[in-house]
Amino acid sequence: MTFRKSIFWLHLAAGLIAGTVIAILCLTGTALAFEKEIIAYAERDARRIASPATDAARLPLADLLNRVRTAHPNARPDGIVLQNHPLAAVAFTAGRTTTFYTDPYTGEIRQPASTGARDTLKLIEDWHRVLALGGDQRPIGKAITGACNFAFFVLAVSGLYLWWPRKWRTKGLRRSIWFIRRPADAKARDWNWHNVIGLWTAPILIVLTLTALPISYKWAGQMLFTITGTPPPPPTTASATPAAKLVPPTPDAKLLSSEDLIAVAQKQFPTWETLTYRAGTTQPATIAVRTADSWPRTATTTLSLNPFTGEILKRAGYAELNAAQQLRSWTRYLHTGEAVGWPGQLLAAIASLGGCVLVYTGFALVWHRWRRWRSSSVTP
C-alpha cells in the first residue's frame with residue numbers, strides 16, 4: 001500500500017468514526033463565532049439608551065447602584081461595566097448570569113425584553129462543548145468532543161495532503177481548486193465540493209482544531225510551557241497569579257468613590273473601550289480595561305488599586321504574561337477568531353460552515369464508493 005493510500009484510508013476511517021460529532025461541532029461553532037455580537041444585538045433594547053438632552057448630566061454610579069439595589073433587593077451587584085460609547089447603558093453584574101442595565105442620565109433600570117438569543121446560544125454552547133449532556137455525564141460529553149476535535153485535526157491535515165493538486169499544469173486542475181458548473185453526476189459534484197471546500201478551509205480548520213486542544217486536554221496546555229521553554233507553575237497555583245497586597249488603612253481613612261477609581265484607569269488608558277470595575281475594601285479594587293488598540297483583540301489589562309488612595313498596586317496585562325501564558329491567550333481566542341477581531345471570527349464561521357459541507361460530502365463519497373463496490377461484487 002502506497003503512502004498516499006495509507007493517508008486516504010486514515011482520512012476515511014477518522015471521518016466515518018467522528019463525522020457525526022464533527023458536524024455538530026461545526027454547526028454549533030458557526031453560530032458561536034459571533035456569540036457576543038449576536039447577544040449584544042438581541043439585547044440592544046436594554047444595552048442602548050436614547051440620546052440624552054444636550055445639557056443632561058450623568059448620574060453618579062453610587063446613585064445608579066442604589067437604584068438597582070432598591071428595585072432588586074435580593075440581587076448582589078458585584079461589578080460595574082462601562083463602555084466608551086455615549087449611548088451605552090451602565091451594566092451592573094451580579095454573579096456570572098445576571099446583569100442590570102441602567103440609563104446613566106435618567107437612572108432607569110433596563111433588562112432585555114427577551115433572553116431567547118442568550119438562552120439559545122447557551123444551549124448551542126452546551127452542544128458544542130459536551131453534546132448537551134448534563135450532570136455526571138458532562139465529562140463523558142467533553143471527552144467525546146475532545147476526541148472528535150482531535151480526529152478533525154487529523155482529517156484537516158491529511159485532507160490538505162490529499163486535496164492538494166498533484167499536478168498544477170493539467171486540464172483537471174480547475175476542478176480541484178474551484179467549483180465546476182455542470183458536474184457529470186452526483187459523485188463528481190460531491191468530489192468537487194469536498195475537494196474545493198476542503199482545500200480552501202483546511203488551513204483555518206487546522207488552526208481552529210489545534211487551538212481547541214488546550215481547552216480539551218491538560219497535556220496540551222502543559223505543552224505550551226514546553227514549546228516556549230517556560231517553567232510550569234506548581235500544580236496548586238497553575239492558574240493563579242500573585243495577588244496585590246493592600247496595606248491596612250488608618251482608622252480615619254475613607255474609601256474613594258467608584259468614579260474616582262475609574263478615573264484613575266481612564267487616565268492610564270485614554271483609548272479605553274470597556275472598563276470592568278469590582279470594588280474592594282479589605283482587598284484592592286480591580287479594573288479590567290480593554291483598549292481600542294489591544295493586541296490580541298481580546299487582551300485586557302487589570303489594575304489593582306488601593307481603594308483608599310487610588311494608588312496602582314499592580315498592573316497585569318498581556319505584556320506582563322510569560323511566553324506560555326501569552327501563547328495560551330492566543331490559542332483560547334483564535335479558536336473562535338476573536339483574537340484578531342471580526343475578520344477572524346468571519347473566517348472561523350465560514351470554515352466551520354464549510355466543515356458541515358465536508359462531513360456531508362464525505363459521507364456521500366463513502367456511499368458512492370460502497371454502492372460501486374456492492375454492484376461490482378454481485379456482478380457475475
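The values are calculated or read from the model by the stated rules, or taken from the named source; none is laboratory data. Since the structure is predicted, the reported quantities are computational estimates derived from the model, not experimental observations. Positions of Cβ are generated from backbone atoms using ideal geometry, with glycine treated the same way; all protein chains shown enter the neighbour counts.
Please specify each residue of the range 242-262 satisfying the condition of being without any contact (Cβ under 8 Å) to a residue 40 or more places away in the chain, of a type in the set (D, E, K, R) and touching a Phe, Trp or Tyr at 6+ places or on another chain (Cβ under 9 Å).
None; the set is empty.
Considering Arg76, Arg96, which residue is closer than 21 Å to Arg44 by Cα, among the charged types (D, E, K, R) and exposed (fewer than 12 other Cβ atoms within 10 Å of the Cβ)? Outline the logic, then answer.
Numbers: Arg76 fails: closer than 21 Å to Arg44 by Cα.
One residue alone meets the criteria, Arg96.
Looking only at the range 333-380, which residues are of a type in the set (D, E, K, R) and modelled with pLDDT of 90 or more?
First, pick out the residues of the range 333-380 that are of a type in the set (D, E, K, R): 338, 369, 371-372, 374.
Selection gives Glu338 alone.
Based on this model, can you work out whether Arg328 counts as part of a loop (DSSP other than H, G, I, E, B), closer than 30 Å to Pro231 by Cα and touching a residue at least 24 places away in the same chain (Cβ under 8 Å)?
Values: part of a loop (DSSP other than H, G, I, E, B): no; closer than 30 Å to Pro231 by Cα: yes; touching a residue at least 24 places away in the same chain (Cβ under 8 Å): yes.
So Arg328 does not fit the description; no.
Quick one: is Asn84 within 23 Å of the chain's Cα centre (by Cα), within 25 Å of Gln266 (Cα to Cα) and not β-branched (Val, Ile, Thr)?
yes
Testing Lys142 on (1) farther than 23 Å from Ser329 by Cα; (2) of a type in the set (D, E, K, R); (3) in contact (Cβ under 8 Å) with a residue 12 or more places away in the chain, one condition comes back false. Which one is that?
Looking at each condition in turn, Lys142 falls short on (1).
From the list Ser158, Ser114, exactly one residue is touching a residue at least 60 places away in the same chain (Cβ under 8 Å) and within 23 Å of Tyr217 (Cβ to Cβ). Which is it?
Numbers: Ser114 fails: within 23 Å of Tyr217 (Cβ to Cβ).
The conditions single out Ser158.
When both residues are 6+ apart or on different chains and their Cβ atoms are under 6 Å apart, which pairs have a first residue that lies in the range 287-308 and is on the phi < 0 side of the Ramachandran plot, and a second that is among the acidic types (Asp, Glu) and surrounded by 18 or more Cβ atoms within 10 Å (Cβ to Cβ)?
Between residues of the range 287-308 that are on the phi < 0 side of the Ramachandran plot and residues that are among the acidic types (Asp, Glu) and surrounded by 18 or more Cβ atoms within 10 Å (Cβ to Cβ), the close pairs are Thr298/Glu338.
Across the range 213-225, what is the number of residues that are part of a helix (DSSP H, G or I) and either of a type outside the set (Gly, Ala, Ser) or modelled with pLDDT of 95 or more (or both)? First the steps, then the outcome.
Of the range 213-225, the ones part of a helix (DSSP H, G or I) are 213-216, 218-225.
The next check asks that each one be either of a type outside the set (Gly, Ala, Ser) or modelled with pLDDT of 95 or more (or both); those that pass are 213-215, 218-219, 222-225.
Number satisfying all stated conditions: 9.
Considering only the range 109-153, state which residues are surrounded by fewer than 18 Cβ atoms within 10 Å (Cβ to Cβ) and among the aliphatic types (A, V, I, L, M).
If the condition is that a residue be surrounded by fewer than 18 Cβ atoms within 10 Å (Cβ to Cβ) and among the aliphatic types (A, V, I, L, M), then Ala113, Ala117, Leu123, Ala132, Leu133, Ile140, Ala143, Ile144, Ala147 are the ones that fit.
Being under 24 Å from the mean Cα position of the chain (by Cα) and within 30 Å of His368 (Cα to Cα) narrows it down to one of Ala31, Ala23, Ala42, so name that one.
Ala23
Conditions first: (1) in a strand (DSSP E or B); (2) in the same structural domain as Ala14 (by TED's automatic domain parsing). Leu303 passes all but one, so which condition is the exception?
(2)
Can you name every residue in the range 271-296 that is part of a loop (DSSP other than H, G, I, E, B), within 19 Å of the chain's Cα centre (by Cα) and buried (at least 18 other Cβ atoms within 10 Å of the Cβ)?
Matches in the range 271-296: Ser294 only.
Scan the range 69-81 and give yes if some residue there is assigned to a helix (DSSP H, G or I) and closer than 24 Å to Asp260 by Cα, otherwise no.
yes
State all residues of the range 235-270 that are hydroxyl-bearing (Ser, Thr, Tyr), surrounded by 10 or more Cβ atoms within 10 Å (Cβ to Cβ) and at pLDDT below 80; if no residue qualifies, say none.
Within the range 235-270, the subset hydroxyl-bearing (Ser, Thr, Tyr) is 236-237, 239, 241, 250, 257-258.
Okay, now just the ones that are also surrounded by 10 or more Cβ atoms within 10 Å (Cβ to Cβ), so 241, 257-258.
Thr241, the sole residue that qualifies.
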